[in-house]
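Asks: Just dropping this structure here.
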Amino acid sequence: AMLDPDSGLSLTIARIVQRLKGSSLHTQLERQARVYLHKPEIKLESLKEDIRDFLKTSGWEKKLQNAVYSELNVFPSPCHPAAPPEHMKEPLAYMRKAQGSWEKRILKSLNSMCTELNIPLAQKRPVNEQKELLNKWNEMGTDEPDLSLFRPVYAPKDFLEVLMNLRNPNYENGEQPSFRNHLGLIQVPLKVKDIPELKEDFSELGLNIGQLGIDDSAHVPPEFFENEHVRVGQKVLAEQDSAAAQQYVRQGCPTALRADLWALILNISNQPEDILYYEQLKSNVIQHDLLVDSLIYKDVKLTASNDDYYFVFEDYLYQVLLCFSRDTSVLEHFSYSSATPPKSYIRGKLGVEEYAVFYPPNGVIPFHGFSMYVAPLCFLYHEPSKLYQIFREMYVRFFFRLHSISSHPSGIVSLCLLFETLLQTHLPQLFYHLREIGAQPLRISFKWMVRAFSGYLATDQLLLLWDRILGYNSLEILAVLAAAVFAFRAVNLMEVTSLAAAEAVLADLSTLKVMPLLQIFLFATVT
């Protein structure tokens, strides 16, 4: 149930105030205000105005604004007070149920691995192991433990099988009026945007607007646009305004400013207490050995270590991902995610709630390819605690949606449906041809979208794509790009006669230029 705007607003304000009260920002602000109130120039009769001036001149007003803006970007608008809390997680009951049974499967796979290999989920490391790990913290990649018995808990293709079997129980045997002609693999009726709506949403990507990532725009010589864009970007950074930064990056980030602009949008400032928090996570990694550590290790070895762009960051990836698995602050995102953190019980106390712990402590079980969410960020941030915070924020804003079942427009189910609908509508011949030869397009593009294209595009192109994810606070652009790639390779794809041949045509995306592809698909397709 939707709220009338006023009570919705007051609920939002109440929630944000509540959340900011618990933050370190609040503590710092209180401290500063106390110091300020003792100054002689403060008069009781003009206290309100004086405090307003203090907030402005001291830069605190901007910090508060950015904190509020960040909350608004991350948390969904409040549901009706009478709505059950699970509605904030996911409004559709059948989606919640499907996510629940998928989680049971993942947990079963994890537990059977424990039993097979006879290793506990968690154990304290012996002191000599702790010392050893501490000494090689910055070169964990040199270690070659035998991980042959460990296998990823699941891979994207296992997850796709689950999504293909999703059905809305209210529609018996596919009798969904407007949906009957959808011939893709995804068979749930969710509302997705058409090209006119996408054009409106992504208007800043239009043909007559300057873009970073387009070499030959007809209207503006690229070097003129670039110089001007850099100048504006420096101004945006000087202003320290998250909302302005978010608007700015829709046209792409200059390479030299990207790290600072993303941090500003995500409201990450790497304060001393953040660095301390990261150090605490690190000491937790050193003291305790978790089964997921081996999964993380194996995943990095299978993916990033073999990647021409990312293998140099192997050690950063271990550090960030091991710390991430211990970070209980990540549990907060489950209030607006359809997923629920898995529970584990202390031996012999199965089902007794007071002996339950979340496992892993952050509630997130990594899957095959998970480390690729972190890898591109290593190009931008070289200080581990800052890299860590940026990744954590990207995860709780965006990436969690790519591996959970929900009806959210940025959720993977909607992205799959958007991708299939765009192809079926705008490239029907190609769509039917691929379907006929058993090469359903989603079977090829699914892994790109689940990984947000990390490991598939050249890094400079990937960062231009992620600029737009941050700029629009949405993952829908992933589905648009996936469709644009098929459009771009359509001539070759029309000639293939098998799934393997179609996969071969699309095996290497590393030469693609993201922005021209998106522009042509969105703004030059006849609708």
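Asks: Within region 282-295, how many residues are open to solvent by less than 10 Å² (accessible area, probe 1.4 Å) and at pLDDT 95 or above?
Replies: Number of matching residues: 1.
Asks: Six or more apart or on different chains, Cβ under 6 Å: which pairs go from a residue in region 249-266 that's under 12 Å from W466 (Cβ atoms) to one that's open to solvent by less than 20 Å² (accessible area, probe 1.4 Å) and of a type in the set (D, E, K, R)? Could you list them?
Replies: Once the first residue is under 12 Å from W466 (Cβ atoms) and sits in region 249-266, its partners that are open to solvent by less than 20 Å² (accessible area, probe 1.4 Å) and of a type in the set (D, E, K, R) give V249/D467; G252/D467; C253/D467.
Asks: Within region 190-227, take every residue that is modelled with pLDDT of 90 or more and surrounded by fewer than 17 Cβ atoms within 10 Å (Cβ to Cβ) and give me the one that is farthest from Y432 (Cα to Cα).
Replies: Only one residue tops the list, namely S203.
Asks: Kindly evaluate G369 against the criterion of being touching a residue at least 40 places away in the same chain (Cβ under 8 Å), out of contact with any strand residue (DSSP E or B) (no Cβ under 7 Å at 6 or more places or on another chain) and of a type in the set (G, A, S). Talk me through it step by step, then tell me what you get.
Replies: On the way: touching a residue at least 40 places away in the same chain (Cβ under 8 Å): yes; out of contact with any strand residue (DSSP E or B) (no Cβ under 7 Å at 6 or more places or on another chain): yes; of a type in the set (G, A, S): yes.
The answer is yes for G369.
Asks: For region 480-508, which positions are surrounded by fewer than 21 Cβ atoms within 10 Å (Cβ to Cβ) and touching a Phe, Trp or Tyr at 6+ places or on another chain (Cβ under 6 Å)?
Replies: A487
Asks: Out of I444, I520, I477, report the one residue that is open to solvent by less than 20 Å² (accessible area, probe 1.4 Å) and within 30 Å of G233 (Cβ to Cβ).
Replies: From the options I444, I520, I477, the qualifying one is I477.
Asks: Right, next: Among the residues in region 405-412, are any over 10 Å from the mean Cα position of the chain (by Cα), modelled with pLDDT of 95 or more, open to solvent by 10 Å² or more (accessible area, probe 1.4 Å) and not hydroxyl-bearing (S, T, Y)?
Replies: yes
Conditions tested, residue by residue: (1) among the charged types (D, E, K, R); (2) free of Cβ contacts under 8 Å to residues at least 40 places away in the same chain; (3) closer than 28 Å to P360 by Cβ.
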position	(1), (2), (3)
A33	no, yes, no
Q65	no, no, no
A82	no, no, no
K108	yes, yes, yes
S112	no, yes, yes
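Asks: I'd like the full set of residues that are of a type in the set (K, R) and surrounded by 11 or more Cβ atoms within 10 Å (Cβ to Cβ), limited to region 39-55. Working first, answer last.
Replies: Our first condition is that a residue be of a type in the set (K, R); within region 39-55, this holds for 39, 43, 48, 52.
Listed by number, the list holds a single entry, R52.
Asks: Here is a follow-up. Whether any residue in region 370-388 is under 27 Å from I119 (Cβ atoms) and open to solvent by 20 Å² or more (accessible area, probe 1.4 Å) is what I want to check.
Replies: No, the conditions are met nowhere in region 370-388.
Asks: Closer than 26 Å to A490 by Cα and touching a helix residue (DSSP H, G or I) at 6+ places or on another chain (Cβ under 7 Å): which single residue out of L377, L415, L387 fits that description? Step through it out loud before you land on a result.
Replies: Values: L377 fails: closer than 26 Å to A490 by Cα; L387 fails: closer than 26 Å to A490 by Cα.
The conditions single out L415.
Asks: Within region 447-461, which residues are of a type in the set (A, V, I, L, M, F, W, C) and crowded, with 21+ Cβ neighbours inside 10 Å? Outline the logic, then answer.
Replies: Restricting attention to region 447-461, the residues satisfying the condition of being of a type in the set (A, V, I, L, M, F, W, C) are 448-450, 452-453, 457-458.
Result: W448, M449, V450, A452, F453, L457.
Asks: Give the residues of region 302-348 that are outside any loop (DSSP other than H, G, I, E, B), of a type in the set (D, E, K, R) and surrounded by fewer than 19 Cβ atoms within 10 Å (Cβ to Cβ), sorted by residue number.
Replies: D315, E332, K343, listed by residue number.
Asks: Which one of the conditions (1) open to solvent by less than 50 Å² (accessible area, probe 1.4 Å); (2) small (G, A, S); (3) within 22 Å of P341 (Cβ to Cβ) does S70 fail to meet, given that it meets all the rest?
Replies: Of the numbered conditions (1) open to solvent by less than 50 Å² (accessible area, probe 1.4 Å); (2) small (G, A, S); (3) within 22 Å of P341 (Cβ to Cβ), the odd one out for S70 is (3).
Asks: Exactly one of (1) over 25 Å from A155 (Cβ atoms); (2) not in a helix (DSSP H, G or I) is unmet by V364. Its number?
Replies: Status for V364: all satisfied but (1).
Asks: If I405 passes every condition in (1) assigned to a helix (DSSP H, G or I); (2) of a type in the set (A, V, I, L, M); (3) over 21 Å from V480 (Cβ atoms) but one, which one does it miss?
Replies: (1)
Asks: Out of A256, A245, report the one residue that is outside the structural domain of W137 (by the TED database) and out of contact with any Asp or Glu (no Cβ under 9 Å at 6 or more places or on another chain).
Replies: On inspection, the qualifying residue turns out to be A256.
Asks: Assess whether L418 counts as being out of contact with any Gly (no Cβ under 6 Å at 6 or more places or on another chain) and within 16 Å of V188 (Cβ to Cβ).
Replies: yes
The values are calculated or read from the model by the stated rules, or taken from the named source; none is laboratory data. Every value quoted in this text rests on a predicted model; they were computed, and no experiment measured them. Ideal geometry is used to build each Cβ from the backbone, glycine not excepted, and the neighbour counts take in all protein chains shown. Remember, those area values only see protein heavy atoms, side chains included, never the ligands or the DNA or RNA. Shrake-Rupley method; radii C 1.70, N 1.55, O 1.52, S 1.80 Å.
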